[in-house]
1. Please list, in order, the residues from region 327-345 whose amide nitrogen is less than 16 Å from a point placed 7 Å along the Cα→Cβ vector of residue 11.
2. Which whole-number percentage describes the relative contact order of the chain, with Cα contacts under 8 Å and a sequence gap of 6 or more?
3. What do you get for chymotrypsin sites (Phe, Trp or Tyr not before Pro) in region 35-126 restricted to DSSP loop and a cutoff of at most 14 other Cβ within 10 Å of the site's Cβ?
4. Take 263, 149 and order them by how many other Cβ atoms sit within 10 Å, fewest up front.
5. In nm, to one decimal, how far is the residue 59 label point from the residue 364 one, both placed 7 Å along Cα→Cβ?
6. Which entries of 314/371; 310/332; 148/237; 138/292 have Cα-Cα distances beyond 24 Å here?
7. Go ahead and run the numbers for FRET between residue 74 and residue 257, Cβ-Cβ distance against an R0 of 35 Å, rounding to 0.05.
8. Work out which GluC sites (Glu not before Pro) in the chain are exposed loop sites (DSSP not H, G, I, E or B, at most 13 other Cβ within 10 Å) and give the longest gap free of them.
Amino acid sequence: MNLFDVYPLYDVTPVTAKGIVVTDDNGQEYLDFYGGHAVISIGHSHPHYINRINAQLNKIGFYSNAVQNPLQKELADKLGQLSGCGNYNLFLCNSGAEANENALKLASFKNGKTRVIAFKNGFHGRTSAAVASTDNEKINAPLNKQQKTTILPFDAIDAFTSEITKGDVCAVIIETIQGVGGLDEPSAMFFQNIAKLCKENDVVLIADEVQCGYGRSGKFFAFQHHGIQPDIITVAKGMANGFPVGGVLIHNSIKASYGLLGTTFGGNHLACAASLAVLEVIEKENLIDNAKNMEAYFRACAAKISQIKKVKGKGLMLGLKFDFEVAELRKKLIYEQHMFTGGAKDKCLLRFLPALNITKEQIDLFFNQLKLALS
Ligand SMILES: Cc1ncc(COP(=O)(O)O)c(C=O)c1O
């Protein structure tokens, strides 16, 4: 059987990884400044992560959600403590799309309405309501296009007000910092205005923190830069350093009932152990402070390179804007400088999404190699 051929692949085959170094099947080392698309939050093969998963696997790896699993409550407590969101309840699932799908469904259950407001260049995943809220015609099948979605630009408060007051909107979903789109974010004022309008119109505000959450922006959640409190927060990517986990944080004001949501694999023992290990490392190694501090260092280094026109993003979710398309540069960085970086829908943006424990010396390496590729 062949694989269903949907990914255009770089010709690199990683076989081992440690910290920010990934080694391929020929023994060639690569510096990982992409984190497997913002997933590797505490570095590859972190010893605490390996030990915690191994220890759990030696006890029990999986049982269904029909029985008690105290690891889920331990995870919810730790997440509440580190994020400052103790007044939310946690539903565990397996991916970012699934987290958003559940969030949108929950919004519609809560207020009985059906239309979603989402934003230009947004990406929320590839499942039904999540993909319909994603601003990309190409990945929306005719089936998905049946969903009622209105896509608006950032910071257009008049258009937003006119849509949300029509009475049929169940949810507003927003990436606090856009990932795939290219690191755009609206003003704090816009965030505050839409949060207020959601409250006034009985609309559920969903912050998609799948990529920008979990410390990556220099605060636990990126919305915490803007003084708002969403009704639902979705998380995935960095949550378990590569173990497939997603989460929906649901404000106390939204009530649960048996059977409302459900999943076979979500919240299994191994997933909880992986997620707990990540939170423990984030706390012990002060990785959120590191993300904030390394942003300042990265910006100072970028300012010395004339080809860089702008630095976008926050914390360790950063992008370098050039006045040319970066596809060839990314290839050169992989095959000649041996380092992984990210691209975006904005073809002139090179994305930097390293593990949150990256050091100044490693950022120096990034810029040294980038300079070589640009020369
Ligand atoms: C902001 C955001 N939301 C949702 C998703 C979908 O996550 P997943 O690929 O885990 O389904 C992504 C993935 O890139 C994302 O960046």
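None of the figures in this text is laboratory data; all of them are computed from the coordinates on show. Predicted model only: the values in this text are computed from it and were never measured. Here the Cβ positions follow ideal geometry from the backbone for every residue, glycine too, while neighbour counts run over all protein chains shown.
1. It comes to 331-338, nothing else.
2. Working: 748 pairs, mean separation 83.5, N = 375.
Across the chain, relative contact order equals 22 percent.
3. In loop regions of region 35-126 (DSSP not H, G, I, E or B), the sparsely surrounded chymotrypsin sites (Phe, Trp or Tyr not before Pro) are 62, 63.
4. 263, 149
5. With each label point 7 Å from Cα toward Cβ, the separation is 4.3 nm.
6. Violating the 24 Å limit, Cα to Cα: 148/237; 138/292.
7. For R0 = 35 Å, the calculated efficiency reads 0.90.
8. On the way: sites that count: 325, 336.
Between exposed loop sites, the widest span is 1-324.
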